[in-house]
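Asker: Just dropping this structure here.
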Amino acid sequence: MKILCAVDGSEFSHWAVEAIGNLFHQSLKEVMLLHVIDNLPFKHGLKKEGVSVGTVKKIFGIVEKEAQKHLNEYKDLAALTINQSITKPFVKIRTALDHGPIGETILKQANKRKVNAIVMGSRGLGDLKGYLMGSVSRKVLSRASCGVLIVKDPIPEKPRVVLALDGSHSSTLAVDSLIRWVPPDLISVHLMSVFPQTFSDLTTKVLPRAQIKKLIAPFEQQARECISQYRKRFLQEDYTVTTEVVPGNPRSVILNTLDARKADLVVLGSKGLTGGEWFQMGSVSEWVAAYSSCSVLVVRPPVT
């Protein structure tokens with residue numbers, strides 16, 4: 001497994017680096033620690049203030065020196081965290097300093113290096129539900145061509161993981177990736193699937209309850225079959241697993257479940273297209289990532 005971890009000197013980045021060792025140590029082959037400096041807005045501001053070209057260059061030199069210092073510190077932290085956890089002989093830990101718009105540069109480096117996942121902390125703003133993702137995290141999550149782990153809090157040993165499934169190819173990919181990346185002794189897994197309670201307000205007005213229940217029944221059956229299939233898969237791999245099939249709106253039900261179970265990490269596939277709007281996990285995954293108070297791993301097709 002190849003990971004690109006974007007770091008910026010914040011506490012969130014510290015948590016992101018630790019999460020790599022805690023979760024992925026048995027599958028790791030290479031970790032690239034990336035720090036991005038966006039000089040352009042700063043440069044324009046200094047020029048507007050009449051700062052000389054020589055002074056601007058001197059300031060940028062100091063910024064780069066500080067950035068390299070942070071990269072070296074994160075490299076030491078990554079080596080310590082991974083070496084404490086690892087059962088494999090060697091993981092390459094590299095560093096890179098790049099310049100440009102932060103989100104776009106992270107995506108460019110991830111594509112260039114063909115990583116399996118991007119890991120980053122979220123500089124979010126608190127709201128009633130927990131954290132709202134920062135703009136850089138949101139951009140990376142919406143445009144990445146690989147998996148993305150957004151770390152919002154320290155991920156503890158043996159984290160409580162909720163895996164939201166919809167029976168789509170994306171769900172199968174999320175299951176396969178979690179099993180491949182994180183061994184059973186490191187996590188406990190709660191599998192959940194959501195089916196519609198109704199289709200629209202208009203439906204409840206024009207159709208009797210019995211008819212609505214009959215229309216919903218196939219979706220509930222699909223959800224139960226989906227969960228049963230994935231439960232067997234996790235049990236075969238010796239994971240501790242519980243399951244839940246819940247009616248309602250996927251966005252609100254998943255968020256409520258995360259709070260109720262005090263989840264440390266939620267895992268979702270992206271771009272599921274099964275059963276119409278209720279099962280479109282692509283939009284649901286971004287919503288959950290934005291509003292969840294716990295860390296979020298969104299899985300996409302692996303880079304070939």
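Asker: Given the residues ILE82, ILE59, which is the only one that is at pLDDT below 90, assigned to a helix (DSSP H, G or I) and crowded, with 18+ Cβ neighbours inside 10 Å?
Answerer: Values: ILE59 fails: crowded, with 18+ Cβ neighbours inside 10 Å.
Being at pLDDT below 90, assigned to a helix (DSSP H, G or I) and crowded, with 18+ Cβ neighbours inside 10 Å holds for just one of ILE82, ILE59, which is ILE82.
Asker: Condition first: open to solvent by 10 Å² or more (accessible area, probe 1.4 Å) and over 19 Å from LEU107 (Cβ atoms). Now tell me which residues in the stretch 2-24 satisfy that.
Answerer: GLY9, SER10, GLU11, HIS14, TRP15, GLU18, ASN22
Asker: Continuing with the same structure: Return a yes/no flag: does the stretch 110-118 have any residue that is modelled with pLDDT of 90 or more and part of a strand (DSSP E or B). If you could, list the steps in order and put the result at the bottom.
Answerer: Here is the first cut: in the stretch 110-118, the residues modelled with pLDDT of 90 or more are 110-118.
When the remaining residues are screened for being part of a strand (DSSP E or B), the result is 117-118.
So far as the stretch 110-118 goes, yes, one or more of its residues are modelled with pLDDT of 90 or more and part of a strand (DSSP E or B).
Asker: Here is a check on your reading of the model: is ILE150 in contact with a Leu (Cβ under 8 Å, 6 or more places away or on another chain), assigned to a loop (DSSP other than H, G, I, E, B) and either surrounded by 18 or more Cβ atoms within 10 Å (Cβ to Cβ) or on the phi > 0 side of the Ramachandran plot (or both)?
Answerer: Values: in contact with a Leu (Cβ under 8 Å, 6 or more places away or on another chain): yes; assigned to a loop (DSSP other than H, G, I, E, B): no; either surrounded by 18 or more Cβ atoms within 10 Å (Cβ to Cβ) or on the phi > 0 side of the Ramachandran plot (or both): yes.
Against the criterion (in contact with a Leu (Cβ under 8 Å, 6 or more places away or on another chain), assigned to a loop (DSSP other than H, G, I, E, B) and either surrounded by 18 or more Cβ atoms within 10 Å (Cβ to Cβ) or on the phi > 0 side of the Ramachandran plot (or both)), ILE150 does not qualify.
Asker: Only residues that are at pLDDT below 85, of a type in the set (A, V, I, L, M) and within 20 Å of VAL140 (Cβ to Cβ): list them for the stretch 269-304, please.
Answerer: Correct list: MET281, VAL303.
Asker: Has the stretch 157-165 got at least one residue that is basic (Lys, Arg) and either assigned to a helix (DSSP H, G or I) or at pLDDT below 95 (or both)? Working first, answer last.
Answerer: Here is the first cut: in the stretch 157-165, the ones basic (Lys, Arg) are 158, 160.
Keeping just the survivors that are either assigned to a helix (DSSP H, G or I) or at pLDDT below 95 (or both) gives 158.
Yes: one or more hits.
Asker: Could we say that VAL206 is open to solvent by 50 Å² or more (accessible area, probe 1.4 Å), modelled with pLDDT under 95 and of a type in the set (Val, Ile, Thr) here? Quick ask: steps written out before the conclusion?
Answerer: Details: open to solvent by 50 Å² or more (accessible area, probe 1.4 Å): yes; modelled with pLDDT under 95: yes; of a type in the set (Val, Ile, Thr): yes.
The answer is yes for VAL206.
The values are calculated or read from the model by the stated rules, or taken from the named source; none is laboratory data. What you are looking at is a predicted structure, and each value in this text was computed from that prediction instead of being measured. Neighbour counts run over all protein chains shown; Cβ positions are idealised from the backbone, glycine included. Each accessible area value is taken on the protein alone, full model and side chains, heavy atoms only, with ligands, DNA and RNA left out. Shrake-Rupley method; radii C 1.70, N 1.55, O 1.52, S 1.80 Å.
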